[in-house]
Structures are given as structure tokens and as C-alpha cells.
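Please treat every number below as a calculation from the coordinates, not as lab data. Computed from a predicted model, the values in this text were never measured in an experiment. Cβ coordinates were reconstructed from backbone atoms using ideal geometry, including for glycine residues, and neighbour counts include every protein chain displayed.
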Amino acid sequence: MTIYLNEVAYSKKIDDKTFSVGSMIIKEKKGHNHGAPTGDVITVMEKVSDKGTANDWIFKISSLSDKKDLTDEFNKTMPMTCTKCHSQYANDFVSDTFNKIRYKQ
């Protein structure tokens with residue numbers, strides 16, 4: 001998995017409780033089908049508000065091979081939507097995988 005951050009997201013410190021509005025986190029995931037023909041996808045999280053809910057983020061999933069937006073299809077076919085899944089994470093609704101990679105010593 002490869003993770004990309006824009007400057008706003010990258011400036012978050014480990015002790016900060018939340019990301020700033022405007023933060024973007026992009027994950028390149030290999031072999032995570034999510035409806036993509038090759039199983040390779042890009043997921044994007046963009047923080048658009050700061051109300052303290054998972055709805056502060058816009059979630060997108062796209063196929064790496066053909067750049068098709070898979071977000072609606074994914075949310076309809078999976079048992080849990082992106083927003084519902086990310087609601088379980090304590091660090092501003094960002095997955096634990098991100099935190100382990102981002103703040104690795």
C-alpha cells in the first residue's frame with residue numbers, strides 16, 4: 001500500500017486530534033478488488049468540514065486500471081459504506097493502518 005498526503009494533511013502532528021479541513025489522504029491499494037477489474041484501486045479521503053463526524057470527509061474509490069469511479073457501486077454492494085466503516089476509527093475517522101505507517105519511528 002502506498003499513501004500520499006497533500007501538504008495540509010502532511011502538516012498534522014502526531015498529537016493533533018484532528019486533520020485540518022482541506023486535508024487529502026490518497027491510498028494506492030494493490031489487490032483490494034472493491035469492484036475494480038484488476039483489483040487495484042485508489043481511495044481518496046478529503047476533509048471538507050470539521051463537525052466531528054465521519055461525514056466531515058468525502059470518500060472516493062477509483063479503479064487504477066481504467067480510472068472508473070467505483071464509489072457508488074462499492075457503497076451499494078458492500079455490507080458497510082466507507083463512511084460507516086471509518087466511523088469506527090478514533091483518529092479523526094482515519095484508519096489505523098494509516099496511523100501505523102505515518103507515524104512509524
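Take A90 and T18, extend 7 Å from each Cα along the Cα→Cβ direction, and tell me the distance between the two endpoints in nm.
1.8
Sort 52-59, 75-82 by the packing proxy (mean of other Cβ within 10 Å over each peptide's residues), most packed first.
Ranked by mean Cβ neighbours within 10 Å, highest first: 52-59, 75-82.
Just how many % of Cα pairs in the stretch 2-92 lie over 22 Å apart, if you round to the nearest whole percent?
29
Just subtract the alpha-carbon distance of S49 and K76 from 0.36 nm times their residue separation and send over the number in nm, one decimal. Write down the numbers at each step before the final one.
Values: separation 27, 0.36 × 27 = 9.72 nm, distance 2.44 nm.
Net length gain for the segment: 7.3 nm.
Report the full-extension gain for the segment Y10 to K30: residue separation times 0.36 nm, less the Cα-Cα distance, to one decimal in nm.
Working: separation 20, 0.36 × 20 = 7.20 nm, distance 2.27 nm.
So the extension gain works out to 4.9 nm.
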